[in-house]
Amino acid sequence: MDMSVSIVCDDMLMVDFGSHPQANLRVRALWALLQDRPMMPGVSPVAGMNCLAFMLDTELMESMDLDALALEIQGLAESSLNKSPLAGKALEIPVCYDAQFAPDLDRVARHCGLTSKEVVRLHTSGRYTAQLIGFLPGFAYMGGLDAALNVPRLDTPRPKVPAGALGITGTQCAIYPTASPGGWNLIGRCPLVLFDAAKESPCLIQLGDSVRFFSISVDEFERLWAAR
Amino acid sequence: MGCTIRVEQPGLLTTIQDQGRRSFLPSALSRGGAQDSTTLATANLLVGNDESAAGLEITGLGPTLFFEHRVCIACCGAPVKASVSVGKDHSTPLPLHRPVIIPAGATIRFAHFLRGFRAWVAFAGGIHSPVSLESRSSHLAAELGPPRITAKTRLTLGPAAAPQTDRVFLRIHSASADQNTPPNSAALIAPKWSLANHLLDQWPVLTIPVLPGRHFEYLADSERSVLFGEQWLVEPRSNRQGLALSGPALKTSEMPQIMSEPVRFGTVQLPSGGKPFVLMSEHQTTGGYPRILEVISAARPLLAQASPESRIVFLPVDLAQAKERSALGLKDQLRTPAAIKEKLGW
């Protein structure tokens with residue numbers, strides 16, 4: 001498969017796995033390799049959808065040789081090609097799909113030619129993989145959404161989506177960790193804390209994690225939300 | 001009891017900043033911290049702090065601060081108009097780019113900037129806001145750390161504030177010709193020297209050296225001439241997350257659809273509206289817009305000075321030039337602490 005390493009800026013390198021259907025798996029294989037063989041201090045890997053970037057913090061680096069670093073990364077990326085992707089933890093996450101938390105559920109159902117119940121059933125029967133942590137602290141792009149639920153983003157993003165809102169678009173779903181503007185179709189709400197600054201690893205969902213959702217009642221949502 | 005400073009007027013946007021949060025990129029939390037972390041580090045060194053101490057970032061129009069105790073401060077960055085007064089005495093201008101001993105009971109009124117948009121104020125002992133995720137700084141976009149400064153904020157300094165202030169005072173005092181000033185004088189005490197600052201010599205034009213971004217190749221020649229020929233304005237809605245530029249819209253019809261990829265401080269994106277958007281220290285860690293330029297690392301301090309009054313000109317450079325400037329910048333960073341130590345004689 002095609003793979004290339006490029007210098008994006010004088011303190012940023014990128015491994016690009018191209019448009020290969022397995023590109024995202026390759027990103028997580030390289031990520032797994034980097035967990036076992038950490039880079040020198042000052043070099044932070046950041047995963048993208050089909051690519052993995054290395055951000056350099058020149059103040060923390062003993063020496064700075066971009067070309068040598070690019071070669072080292074090329075070597076790592078090549079040796080990751082036959083490695084298996086990072087196996088994350090398995091998570092079961094509660095979501096309340098009640099209409100009050102799911103402003104787009106009816107429209108999504110109509111768009112897909114399904115009932116709202118069928119949308120919820122399809123969503124809770126899937127298993128999703130966290131392909132990318134981006135956009136907001138703790139925001140996990142989870143791939144693996146059933147093809148029957150493929151809906152485009154909203155034409156005009158909402159100025160404010162509440163914390164915990166579960167959105168879908170294309171082949172992905174995600175939970176907004178904090179209130180923010182957002183353009184995904186909201187079909188439910190999760191009462192858990194997705195990003196907790198008091199924890200050593202603040203993200204509930206991390207790269208490569210495998211996620212399933214289960215439906216909870218409004219009462220249960222309120223109880224869990226109050227316990228946040 | 002720690003030294004405290006009372007905020008009387010918050011200014012346009014005043015926040016507590018330090019070197020930010022460096023280790024949370026995989027959690028999608030950008031580093032944040034001072035928009036020009038090097039200049040805050042320098043201000044810290046001038047008051048005897050560790051480079052990593054927290055200070056204030058002042059933006060556009062500065063705050064009014066009342067000093068309940070005698071404290072050594074240093075204000076670095078863009079030249080801000082600021083005056084110090086004690087009681088009913090007439091006010092004197094605050095000397096910049098050097099340590100200044102502010103007497104107890106003094107008020108500093110930071111006003112507008114003569115050039116530029118941001119300055120950083122370090123206080124002996126550092127501001128002791130609570131630490132969250134390895135930093136005391138405000139990350140406004142992620143709603144982490146202390147909120148922005150308001151008229152009710154009291155800033156508590158670290159326990160080293162008083163002894164460090166005394167230490168700097170003795171250094172300045174012993175080096176000055178006028179040795180008769182008693183140590184607890186109500187006068188402003190500052191050395192005659194200051195650190196040079198040439199960052200804004202071309203103000204209001206900010207010439208920003210850039211490398212071509214990953215999707216630059218999709219821009220037609222005509223669009224490239226506009227990109228590099230235009231003096232771009234900075235929209236007032238710009239913030240610590242990014243600069244929204246205004247000028248002629250670039251044609252985006254040839255731009256590819258891209259998947260989210262990692263971005264950093266200095267990445268220039270081109271959304272479908274055709275107006276470039278420059279990411280700042282509180283940027284999102286990934287972005288799905290085409291990236292047309294990357295600001296070289298050495299030019300980020302200049303980006304921090306972009307205001308609605310400035311004009312941004314993108315200057316294309318190659319990687320060799322970017323590396324050279326970065327190496328020069330690092331050398332300066334290494335030289336500054338030594339120069340300060342020499343000036344303060346420790």
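Which semi-axes, in whole Å and largest first, does the equivalent ellipsoid of segment A:90-226 have when worked out from the alpha carbon gyration tensor as the square roots of 5 times its eigenvalues?
For segment A:90-226, the ellipsoid semi-axes come out as 21, 16, 15 Å.
So for segment A:4-80, averaging the separation of alpha carbon pairs under 8 Å that are six or more residues apart and normalising by length, what relative contact order in percent results?
In percent, rounded to a whole number, it is 37.
So what's Rg/Rh here for segment A:4-80, counting alpha carbon atoms and using the Kirkwood radius for Rh?
Looking at segment A:4-80, the ratio lands at 0.95.
Do the sum for chain B: with -39,500 (n - 2.57) for every DSSP H run of n ≥ 4, divided by all residues, what is the mean residue ellipticity at 222 nm, to the nearest 500 deg cm²/dmol?
Numbers: 5 runs with 64 residues, N = 346.
Rounded to the nearest 500, the figure is -6000 deg cm²/dmol.
Rounded if a/c is under 1.5, else prolate if a/b is larger than b/c, else oblate: which is segment B:292-337, with a ≥ b ≥ c the root eigenvalues of its Cα gyration tensor?
Oblate, because a/c is 1.5 or more while a/b does not exceed b/c.
Among B:W203, A:W31, what is the fewest-to-most ranking by other Cβ atoms within 10 Å?
Taking fewest neighbouring Cβ atoms as first place, the list is B:W203, A:W31.
Out of every Cα-Cα pair in chain B, what percent are more than 26 Å apart?
Distances greater than 26 Å cover 50 percent of the Cα pairs.
If packing is taken as the mean number of other Cβ atoms within 10 Å per residue, what is the order of B:234-246, B:133-145, highest first?
Packing proxy ranking, top to bottom: B:133-145, B:234-246.
So if I place +1 on the C-beta of Lys and Arg and -1 on the C-beta of Asp and Glu, and nothing else carries charge, what would the dipole magnitude of segment B:4-195 be about its Cα centre? I want it in debye, nearest 20.
For segment B:4-195, the charge dipole is close to 240 debye.
Could you tell me what percent of the DSSP beta bridges with both partners in segment B:205-328 are antiparallel, to the nearest 5?
Among the beta bridges of segment B:205-328, antiparallel pairing accounts for roughly 75 percent.
Just going by the charge dipole of the protein assembly as shown, with Lys and Arg at +1 and Asp and Glu at -1 on Cβ, which of B:A124, B:F277, B:A298 is farthest out on the positive end?
Value computed over the given set: B:A124.
When a/c reaches 1.5 or more, the comparison of a/b and b/c decides; with that in mind, is segment A:1-49 rounded, prolate or oblate per its Cα gyration tensor?
oblate
From other protein chains only, count the Cβ atoms within 10 Å of every residue's Cβ in A:17-25, then give the mean. Write down the numbers at each step before the final one.
Values: counts 0, 0, 1, 0, 0, 0, 1, 1, 0.
Mean partner-chain Cβ count within 10 Å for A:17-25: 0.
Post the alpha-carbon centroid distance, segment B:130-165 to segment B:280-306, in whole angstrom.
What the calculation gives is 25 Å, centre to centre.
For the protein assembly as shown, just the Cα atoms, rotate onto the principal axes and tell me the three extents in Å, largest first.
Computed over the Cα atoms, the extents are 86, 56, 47 Å.
Counting pairs of alpha carbon atoms under 8 Å apart in space and at least six apart in sequence, what relative contact order in percent does segment A:90-226 give?
34
For the charge dipole of chain B, defined by +1 on Lys and Arg C-beta atoms and -1 on Asp and Glu C-beta atoms about the Cα centroid, which residue among B:H215, B:F113, B:A175 has the Cα displaced farthest towards the positive pole?
Toward the positive end, the furthest listed residue is B:A175.
Which whole-Hz couplings ³J(HN,Hα) result when phi for each residue of segment B:41-50 is put into the Karplus expression 6.51 cos²θ - 1.76 cosθ + 1.60, θ = phi - 60°, listed in order with x for Gly and Pro?
Taking θ as phi minus 60°, the curve returns 4, 5, 4, 4, 4, 5, 9, x, 7, 5 Hz for segment B:41-50.
Using the Cα centre as the reference, give the magnitude of the dipole from point charges on the C-beta atoms of segment B:205-328 (Lys, Arg: +1; Asp, Glu: -1; all else neutral), rounded to the nearest 20 debye.
260
Where q = 0.15 Å⁻¹, what log10 of I(q)/I(0) comes from the Debye formula for segment B:4-195, counting one point per Cα?
Treating every Cα as an identical point scatterer, log10 I(q)/I(0) equals -0.83.
Report the semi-axes of the equivalent ellipsoid for segment B:205-328 in whole Å, largest first, where each axis is √(5λ) for an eigenvalue λ of the Cα gyration tensor.
They are 19, 17, 16 Å, listed from largest to smallest.
For chain B, what is the charge dipole size about the Cα centre, in debye to the nearest 20, if Lys and Arg each add +1 at the Cβ and Asp and Glu each add -1 at the Cβ?
Taking the Cα centre of chain B as origin, the dipole is about 580 debye.
Rule-based calculations on the coordinates, nothing more; no lab input. Bear in mind that the values here come from a model prediction, so they are computed numbers and not experimental data. Backbone-built Cβ (ideal geometry, glycine too); neighbour counts: all protein chains shown.
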